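What follows is a single structure, written as structure tokens, with notes after it.
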Ligand SMILES: Cc1cc2nc3c(=O)[nH]c(=O)nc-3n(C[C@H](O)[C@H](O)[C@H](O)COP(=O)(O)OP(=O)(O)OC[C@H]3O[C@@H](n4cnc5c(N)ncnc54)[C@H](O)[C@@H]3O)c2cc1C
């Protein structure tokens, strides 16, 4: 017989934690939160810059501080069981979950599930950049993890591709660590990221930013040595004669995020082909009744305060669903 | 100083297959490789197809070795625990007037001894290959085509050779060879090796090695092939390997099934100058996409998760495998372009024969360990099996790579078996090979490598010296 739980939440980042606490407030008394990392907090743990919580807490917090408030709260609720290092490998339409953790493998059935698995970064491979494949090409998030969690310096002469928020924040971070940021190259006419990040991370540090430009080729056999940068027109076509070469040892890719929804896909939840968000007739719902989705795995939000707000709703929705099912 | 019976130069699929074959006999063998790990040359970037033997010139050496290799690879894969899947291939015709060409290919292949060939019609194709372009009107079906993981064939051959007494020396680039009395003195970056016999299987650089003993009658030209991998979610895009009609210089752009599930499209074929040039290009992508879409129109560029280029070591049209009469004891294995992976076991057998003809005597070992325990990959086994493994060793439940579901245990094992670099771990385990491209696991893999190799993280490389992943520790604030 499969063990059955009321509510299982996959993901222990800000979304999962807010949803768990909200579901508990709405009366759910058996909640299991599964987190694959060795601690709660998700991506916030590596976001050591400030700017979190302005809307939700009316305070300016660093990422880990924002996370901590939820970690403390969730840990004080005995009806919420938290299982870390727990990697969900399978989800079925019948809401049966399989997860692995060191020394254990479990199969459990849930009456309701909230998926709060966050998002992942688009890669160099997804935007096809010609050239070689040396070391020194990082997604901005990976560089952030290497720096802020592992205390390593990924590179010394950096070019940032794309002006997503993580890329802008990392441009500043590299500069503060003594690396030289050669520029930010953005194919669109304006930044993708928040205005405040453009001002505080790029302009304040005199980092050149090239709008309507893209990188067209990567050089270097073992390590990145240089890239070609070229201007593009309104249809993103290269403009002849505008190409220039930038020597650098590191390329940071910050070209957008995609909801990480492979498990939902496995269960047969309908996903939008373009955005990878669940197709849904309301916030946080999916095409399978009883499977909810919140945070960046529902859609990529700009700021964590919005993630929290919508995830609270997901918690309430799941609680309502469970009441109805009784 | 150590004296070897045979020194093999080059640790690609050819060198590793020869080493394993020779390790059955009472011989002192060393395999020398210039890179930090084996399979970092041509053998790491190819299509992984075990060709049936079609599309080879009639009566060519490579044609014969391909057919034999296809046969031998099955037993070797079984012995070494490498997955071999016989998926079959289709060479597709789009017009009635191309059917005679299919018949010609069939006849040529039959002369080489390729079994089971059949011309199949539109109805067959619709039923068995529904995603194929509906305009395809016939195909040559070769049921014996298969797929393997090209790197694992190298690693597992090498591991088995070592188990049977062969030595492997990496970072041992051969720089000069001289002949002294009855033996060769081989100077390398890792010291001097003496050997009675040399096998030159140095891939793209086999001409350079040949030059060292005064053989100058061939040159190896790099011919680039760009390949593009699709998301594993599209694993069932096709049921067979799909080929267009071949051109004079290549088999054309294919729809490939790979042993780890990702479909692949490619390769291009373009002569290049540099034996170092592994870059991919926008033109290559455009060419591959348009050719692949002609075969399978539903292919979507957005499903590409990775790409690479490989260089075929071409020297004329055929393989060059011979004993050098002017340099007794020296065996040349050069120009091993496609189907070199397929032919490798047959090449190894041929090299043994040539060594015998050069005077080497073969005595079988009393104990030859023919079998190797299959490497475990969680993504290929049943949940029950996973569960029992995790019970035995908790590290199987510690997942490091999210896209391919690779555990810490598998990564640690790959390092125990010889991985020293991030790419070495990737080729053996698939950690970092999935759709997120290591965004999630690189930092974790780095730490495990540093721990197990007892090196600082800053010295861990992607594929050898000069490709360190990070530039340093962060300065203390
Ligand atoms: C794009 C592409 C697709 C292909 N697809 C297929 C396919 O589907 N099926 C198939 O059967 N074949 C295929 N091939 C062909 C196949 O990959 C090659 O024939 C095969 O890998 C050659 O193996 P090798 O051992 O001869 O060469 P390599 O793997 O290059 O090994 C030679 C080794 O020698 C080392 N070396 C060089 N110089 C020195 C030195 N001085 N000292 C020490 N070591 C040295 C190199 O570092 C290298 O590791 C393909 C090739 C390409 C490029």
> So what is the relative contact order for chain B, in percent, with contacts set as C-alpha pairs under 8 Å and at least six apart?
Replying inline: 19 percent
> Counting only the backbone N, which residues of the range B:224-244 are under 19 Å from the spot 7 Å out from the Cα of residue B:124 toward its beta-carbon?
Replying inline: B:238-244
> Between residue B:75 and residue B:181, what FRET efficiency follows from the Cβ-Cβ distance if R0 is 45 Å, with the result rounded to 0.05?
Replying inline: 0.70
>> How compact is chain A by the rule of thumb for globular proteins, expressed as Cα Rg over 2.2 N^0.38 Å?
In response: 1.07
> What is the calculated FRET efficiency for residue B:294 to residue B:233, with r their C-beta to C-beta distance and R₀ = 22 Å, to the nearest 0.05?
Replying inline: 0.45
> For the residue pair residue B:248 and residue B:192, what label-to-label distance in nm results when each label sits 7 Å from Cα along the Cα-to-beta-carbon direction?
Replying inline: 5.0 nm
>> Pairs of alpha-carbon atoms within less than 8 angstrom and 6+ residues apart define the contacts here; what relative contact order does the range A:260-326 have, in percent?
In response: 23 percent
>> Under 10 Å, Cα contacts only: if you run a Gaussian network model on chain A, which one of A:51, A:183, A:282 comes out with the highest mean-square fluctuation?
In response: A:282
>> Please list, short to long, the whole-number percent of alpha-carbon pairs of the protein assembly as shown in consecutive 10 angstrom bins beginning at zero.
In response: 2, 13, 21, 24, 20, 13, 6, 2, 0, 0
>> Antiparallel versus total DSSP beta bridges in the protein assembly as shown: what percent is that, nearest 5?
In response: 60 percent
>> Suppose we keep just the DSSP beta bridges with both residues in chain B; what percent of those would be antiparallel, to 5?
In response: 75 percent
> Shape call for the range A:273-326 from the C-alpha gyration tensor, a ≥ b ≥ c root eigenvalues: rounded (a/c under 1.5), prolate (a/b greater than b/c) or oblate?
Replying inline: oblate
> Roughly what % antiparallel, to the nearest 5, for the DSSP beta bridges in the range A:128-255?
Replying inline: 40 percent
>> Rg and Dmax in Å for the range B:383-456, alpha carbons only: what are they?
In response: 11.8, 38
> Arranged by the count of other C-beta atoms within 10 angstrom, fewest first, what order do B:84, A:205, B:40, A:298 take?
Replying inline: A:205, B:84, B:40, A:298
>> Looking at chain A as a GNM with Cα springs under 10 Å, which of A:171, A:110, A:151 has the largest mean-square fluctuation?
In response: A:151
>> Give me the one-decimal nm value for the distance between modelled label points at residue B:349 and residue A:180, 7 Å along each residue's Cα-to-Cβ direction.
In response: 6.0 nm
>> Using Cα-Cα distances under 8 Å and only pairs 6 or more residues apart, what relative contact order does the range B:378-459 have, in percent?
In response: 24 percent
> Where the Cα atoms of chain B are projected onto their three principal axes, how long is each span, largest first, in whole Å?
Replying inline: 67, 65, 45
> At a Förster radius of 45 Å, what calculated FRET efficiency corresponds to the Cβ-Cβ distance of residue B:365 and residue A:266, to the nearest 0.05?
Replying inline: 0.40
>> Can you tell me the orientation of helix A:63-75 relative to chain A, as the angle in degrees between its alpha-carbon axis and the longest Cα principal axis, to the nearest 10?
In response: 10 degrees
> Taking the Cα atoms only, what angle lies between the long axis of helix A:165-176 and the longest principal axis of chain A, rounded to 10 degrees?
Replying inline: 60 degrees
>> Rounded to the nearest angstrom and ordered from largest down, what semi-axes does the equivalent ellipsoid of the range B:1-152 get from its C-alpha gyration tensor (root of 5λ)?
In response: 37, 16, 13
> What is the average number of partner chain Cβ atoms found within 10 Å of a Cβ in B:396-405?
Replying inline: 5
> Counting every Cα pair in the range B:174-263, what percent are over 19 Å apart?
Replying inline: 61 percent
> Order of A:1, A:105 from fewest to most other C-beta atoms within 10 Å?
Replying inline: A:1, A:105
>> Using the basic label-point model (7 angstrom from Cα toward the beta carbon), what is the residue B:216 to residue B:286 distance in nanometres?
In response: 4.3 nm
> Which order results if B:192, A:74 are arranged by neighbouring Cβ count within 10 Å, fewest first?
Replying inline: B:192, A:74
> Contour minus end-to-end for residue B:385 and residue B:272, with contour as 0.36 nm per residue of separation and end-to-end as the Cα-Cα distance?
Replying inline: 36.0 nm
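The numbers here are math on the coordinates, done by the rules we state, and not lab data. Predicted, not measured: the structure shown is a model, and the values here were computed from it. Quick reminder, even Gly has a Cβ in these numbers, built from the backbone with ideal geometry, and neighbours come from all protein chains shown.
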